[in-house]
Structure formats: C-alpha cells, structure tokens
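Here the structure comes first, spelled out in structure tokens, and everything after it is commentary.
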Amino acid sequence: MARITIPRRIVPKKLLRNVEVSLANAGMPFSGLEWISIWLIISTVLFGLVALIFNIFIGLAAFIVGLAAMVMIPTMRADKRKAMIEDSLPDALHHMAVAVRTGLVLESVIQEISEAEYGPLSEEFARITLEIRKGRPLKEALLAFAKRTR
C-alpha cells in the first residue's frame, strides 16, 4: 500500500514530535507525518461534505473537530493501553518473581513475559527483548519502555 504524507517542512517540529510520542504511547503503527496527513485529508473531506450540505461555517467547525480528533484518538488509546498495562502488571510481576526464583536471568525472564498473555505488557516486553538482541543495553531498553508507557 502506498503511503501518502505531507512534506516534513510544512509541519511544525514540536507538533510532529508530540504526535509521534502520542502514537508511540498508544502503540499505533503510524509515523507522525502519516497520522497528520491522514487527519488533514479526513478533516478536509469532512469540511467539504458538511459545507456542501449545510454551510461553510458548520463545515469549518467540522474541520476543527476533525483536527481535534487527530490529537484525541492517540491520547485516548494511550490512556487505555496504559490502564491495560497497569492491570496486568501485578500478575506479570508475580510471574517474574517465580521465574527469577527458578534461576532465570533477567533477560530470559523478560523474554518469558513477552511470550505470556499479558496484552500490551507482553508486547512491550517483546519490544524490550528485540532491542536487547539488537545490542541496546538492558538499562536503556527498560528506560525507553518506561518513557513509552508513562
């Protein structure tokens, strides 16, 4: 599938950075430019349709609502993902404690949690495992996990 994005120079750097952080926290598979492009297209189409059916002022309001959704959707998904991670954390920590008692090293325990059924927490642990395998130090991978899920 071809990806259409707006030029990077058009988007303010701060907005792009904030959108990328929100998308990462929400676990959404889009780059910041892709997400902004999608919502600009949706908002513009929404503006055109509503302006044709009603009037230009209501169309403008629809455009603004569309742009607000660009920010709200990743934020709401990130909040839901964070709640799911927090809900599964006690069981995962118990699982980790048992695994450590059996003599597994921390990297193996993280791998084991990534293969278990802890929803987004398992996904994040799989990402940590992948980063460690690619050579990222464990401490840095865990700090990146904390930053993504705060």
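Would you check which residues across the stretch 30-47 are of a type in the set (F, W, Y) and either modelled with pLDDT under 90 or in a helix (DSSP H, G or I) (or both) and list them?
Selection gives W35, W39, F47.
Among the numbered conditions (1) in contact with a helix residue (DSSP H, G or I) (Cβ under 6 Å, 6 or more places away or on another chain); (2) not in a helix (DSSP H, G or I); (3) not aliphatic (A, V, I, L, M), tell me where R136 comes up short.
Going through (1) in contact with a helix residue (DSSP H, G or I) (Cβ under 6 Å, 6 or more places away or on another chain); (2) not in a helix (DSSP H, G or I); (3) not aliphatic (A, V, I, L, M) one by one, R136 breaks only (1).
Contact list please: Cβ distance under 8 Å, first residue in the stretch 72-100 and farther than 23 Å from E115 by Cβ, second residue among the polar types (S, T, N, Q), pairs at least six apart or on different chains.
Taking only residues 6 or more apart or on different chains, the pairs are P74/S22; P74/N25; T75/S22; A78/S22; A78/N25.
Any residue at all in the stretch 52-70 that's outside any helix (DSSP H, G or I) and either among the aromatic types (F, W, Y) or out of contact with any helix residue (DSSP H, G or I) (no Cβ under 9 Å at 6 or more places or on another chain) (or both)?
Yes: one or more hits.
Name the single residue, out of those in the stretch 1-29 being aliphatic (A, V, I, L, M) and in a loop (DSSP other than H, G, I, E, B), that is modelled with the highest pLDDT.
M28
This table checks each residue for (1) within 23 Å of A24 (Cβ to Cβ); (2) among the hydrophobic types (A, V, I, L, M, F, W, C); (3) modelled with pLDDT under 95.
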residue: V105; (1), (2), (3): no, yes, yes
residue: Q111; (1), (2), (3): yes, no, no
residue: F125; (1), (2), (3): yes, yes, no
residue: T129; (1), (2), (3): yes, no, no
residue: E140; (1), (2), (3): yes, no, no
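Every residue in the stretch 63-77 that is farther than 30 Å from S122 by Cα and either crowded, with 19+ Cβ neighbours inside 10 Å or aromatic (F, W, Y) (or both), please.
Passing the criteria: F63, G66.
Working only within the stretch 110-119, note down all residues that are farther than 14 Å from R133 by Cα and either in contact with an Asp or Glu (Cβ under 6 Å, 6 or more places away or on another chain) or not acidic (D, E) (or both).
I113, A116, Y118, G119
Please work out which residue is surrounded by the most Cβ atoms within 10 Å (Cβ to Cβ), limiting yourself to the stretch 101-133 and to residues that are outside any helix (DSSP H, G or I) and free of Cβ contacts under 8 Å to residues at least 12 places away in the same chain.
L104
Looking only at the stretch 13-42, which residues are in contact (Cβ under 8 Å) with a residue 40 or more places away in the chain and hydrophobic (A, V, I, L, M, F, W, C)?
V19, L23, A24, A26, M28
The values are calculated or read from the model by the stated rules, or taken from the named source; none is laboratory data. All values reported here derive from a predicted model rather than from experimental measurement. Glycine gets a Cβ as well: all are built from the backbone with ideal geometry, and neighbour counts include every protein chain shown.
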